[in-house]
Amino acid sequence: MGIVLKQSLSNTMVTYLGFAIGAVNTLFLYTNFMQPEHYGLVQLILSVSGVLMPILAFGVPNSLVKFYSSFNTEKEQDQFLGMMLFLPLLFIVPIGVISFFANEAIGKLLSNENPVVRDYVWQIFLIGISMAYFEVFYAWARIRMKSIFGNFMKEIFCRIGQSLLLVLLWLQVLDVPQFINALVGFYILRVAIMKLYAYRLRFPKLTAVLPSNWREILQYSALIILGGSTAIVLMEVDKVMLNNYLPIENVAFYAVAGFMATVIAVPSRAMHQITYPMTAEYINANDMKSLGGLYRKSSLTLFIVSSLLLILILLNLQDLYKLLPSDYSEGYIIVFWIGLVKVYDSLLGNNNSILFNSKYYTSVLFFGVLLAILAIGFNLWLIPKFGLQGAAIASFSAFFIYNSLKLYYVKTKFGLQPFTKETLKVLLLVLGLALVFSAIPFSFHPILNIGVKSILISVVYLLILYKFRISEDIHAVLHRYLGRK
């Protein structure tokens, strides 16, 4: 896993830098420089755009990674890349026409509970297009095993843009509508830069000839829209549905709590940038031994890191909420449930990559549709009863069923499962540390409490991992710094 570990570590550092900037934005700048109802509006616009993104991308990012390595000649690759460039337009153009003529109806649908949303239909559409084509060009770079710059643009660029815009809002240089329009501009600029980078790696030679297997590619892309993209959509749909039941400031409260839990997914997102194309290569070469090794190693590594992050967040949560405005301080249960979703996602390793790149990819359609039905049903049931906490429980319930089905399916079809005896060791270690440190009182300033507690937990956790060699990959990384056997 040399190339995996190297690029994963680089991507992890970039992604954590992005999340650090996002944390400043989410936990301090937005909460202090913008009213909750305006912050909720911004979050809703980005969430609806995120729901639109995989539909507008037409499954192209996944198709690029799955099929590129199967073409042996440069001519075939050029035919394939040209098709990938224009395929998203099959959805973007008709959706754009519908949005133009049905702008008022769409605005009314989105603003049933909160009328302020009505005026931002076009901003949602433009950000959705920008997100979609960004993912296309990012995948274009990833198939060349170049993921770090794209990860920088994905995780950092627009977050820095938001920081700058929030400062300008605080200085009263911008008002809220201008802030939102400028944010749209940052997303458009990001995709333009990513396009230039992707073309520098491999400039497309456009041709009117389609690849010989274009029907298979088209079918795969269409199924990925319905199935494989559902998980991405449903991480945003809870905020969209909250907008239909509660005042829009509740979207802001939920977003802050959800952001804290989302930090757990950073290592997984970083590692998948490189394990995804490697999984495609192993499957195309029918190398099941390497695929099984990658599955187990990615699962254990991600479980080790995500479990540590979960207990760090939960054990520091009370102190963290003391640093935020009081309106935002009711999200402990939200963080807990969404955090468990992220840990379970990590525990599956490269499970998604195996499904997306195998001949069984049509199963993703079934699982995705089932997840959509479950999530929407749970949200419709639980949000009216329990409000914000209901949305979090709905997300956990839907994703628990979804991930369990995927785990069972890969085991049935490939004879592969990601768990080893080391997985159980990590679970026991995490539970033990959580029990011990939850019983130790820390009575300093909240910032000092967070720092001291985090350092102590991390040091104990890593030393035990190193001492007992629970993970060879983690041990190798730690050995570089500890310098002893």
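The values are calculated or read from the model by the stated rules, or taken from the named source; none is laboratory data. This is a predicted model, so every value here is computed, not measured. Don't worry about glycine lacking a Cβ; one is built from the backbone with ideal geometry, like all the others, and counts go over all protein chains shown. Surface accessibility is based on the protein's heavy atoms, side chains included, excluding ligands, DNA and RNA. Shrake-Rupley method; radii C 1.70, N 1.55, O 1.52, S 1.80 Å.
With a cut-off of 8 Å between alpha carbons and a minimum separation of six or more residues, what is the relative contact order of the chain in percent? Write out the running numbers ahead of the final one.
Numbers: 649 pairs, mean separation 100.7, N = 485.
21 percent.
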Original post:
Which value in deg cm²/dmol, rounded to the nearest 500, describes the helix-derived mean residue ellipticity at 222 nm for the chain, given -39,500 (n - 2.57) per DSSP H run of n ≥ 4 and division by the residue count?
Top reply: -26000 deg cm²/dmol
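If you roll a 1.4 Å probe over the heavy atoms of the protein chains, what accessible area per residue do you get for the chain, in Å²? Walk me through the numbers before you get to the answer.
Working: 21020 Å² over 485 residues.
Dividing the accessible area of the chain by its residue count gives 43 Å².
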Original post:
If you roll a 1.4 Å probe over the chain with all protein chains in place, what percent of the accessible area is carbon or sulfur?
Top reply: 67 percent
Original post:
Cross-link partners among lysines for LYS421, C-alpha distance below 23 Å, same-chain residues fewer than 8 apart left out?
Top reply: LYS289, LYS297, LYS342, LYS406, LYS411, LYS413, LYS467, LYS485
Subject >> Phi-based couplings in Hz for segment 262-271 (Karplus 6.51, -1.76, 1.60; Gly and Pro marked x) >> reply: 5, 3, 4, 7, 4, x, 4, 4, 5, 5
Original post:
Taking the alpha-carbon centroid of each part, what is the distance from segment 176-192 to segment 21-97 in angstrom?
Top reply: 15 Å
Subject >> Exposed-site-free run, longest, the chain (rule: GluC sites (Glu not before Pro); DSSP loop; at most 16 other C-beta within 10 Å) >> reply: 114-329
Original post:
Rounded, prolate or oblate: which fits segment 1-230, taking a ≥ b ≥ c as square roots of the Cα gyration tensor eigenvalues, rounded meaning a/c under 1.5, else prolate when a/b beats b/c?
Top reply: oblate
Original post:
What list of ³J(HN,Hα) values in whole Hz, one per residue of segment 467-476 in order, does the Karplus curve 6.51 cos²θ - 1.76 cosθ + 1.60 (θ = phi - 60°) give from phi, with Gly and Pro shown as x?
Top reply: 4, 9, 6, 5, 10, 5, 5, 5, 4, 4
**OP:** With a Förster radius of 45 Å, plug the Cβ-Cβ distance of LYS385 and VAL176 into 1/(1 + (r/R0)^6) and report the FRET value to the nearest 0.05.
**Re:** 0.90
Original post:
In debye to the nearest 20, how big a dipole does segment 245-484 give about its Cα centre with +1 on each Lys and Arg Cβ and -1 on each Asp and Glu Cβ?
Top reply: 760 debye
**OP:** Calculate the spin-label point distance for LYS195 paired with PHE101, positioning each point 7 Å from the Cα along the beta-carbon direction, and give it in nanometres.
**Re:** 2.7 nm
Original post:
How far apart, in nm, are two points set 7 Å out from the Cα along the Cα-to-Cβ line at ASN284 and at THR73?
Top reply: 1.6 nm
**OP:** Calculate, for SER454 and PHE203, the FRET efficiency according to 1/(1 + (r/R0)^6) with r their C-beta to C-beta distance and R0 45 Å; round to the nearest 0.05.
**Re:** 0.45
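Ratio of Rg to Rh for segment 22-63, alpha carbon only, Kirkwood?
Numbers: Rg = 14.1 Å, Rh = 11.9 Å.
Ratio of gyration radius to Kirkwood radius for segment 22-63: 1.19.
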**OP:** Quote to one decimal, in nm, the extra length available between ASN213 and GLU330 on full extension: 0.36 nm per residue of separation minus the C-alpha distance between them.
**Re:** 36.8 nm
**OP:** Rounded, prolate or oblate: pick one for segment 245-484, where a ≥ b ≥ c are the square roots of the eigenvalues of its C-alpha gyration tensor, a/c under 1.5 means rounded, and failing that, prolate if a/b is larger than b/c, else oblate.
**Re:** oblate
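Give, in nm to one decimal, the length gained when the segment between VAL477 and ARG144 is fully stretched (0.36 nm per residue of separation minus the Cα-Cα distance). List each step's numbers first, then the result.
Numbers: separation 333, 0.36 × 333 = 119.88 nm, distance 2.56 nm.
Answer, rounded to one decimal: 117.3 nm.
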Original post:
What is the spin-label model distance, in nm, from ALA434 to VAL24 if the labels are put 7 Å beyond Cα along the C-beta direction?
Top reply: 3.2 nm
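Rounded, prolate or oblate for segment 32-104? Axes are the square roots of the Cα gyration tensor eigenvalues, ordered a ≥ b ≥ c, and the cut-off for rounded is a/c under 1.5. All intermediate terms of the calculation are to be shown ahead of the outcome.
Values: a/c = 4.66, a/b = 2.05, b/c = 2.28.
Note, shape of segment 32-104 comes out oblate.
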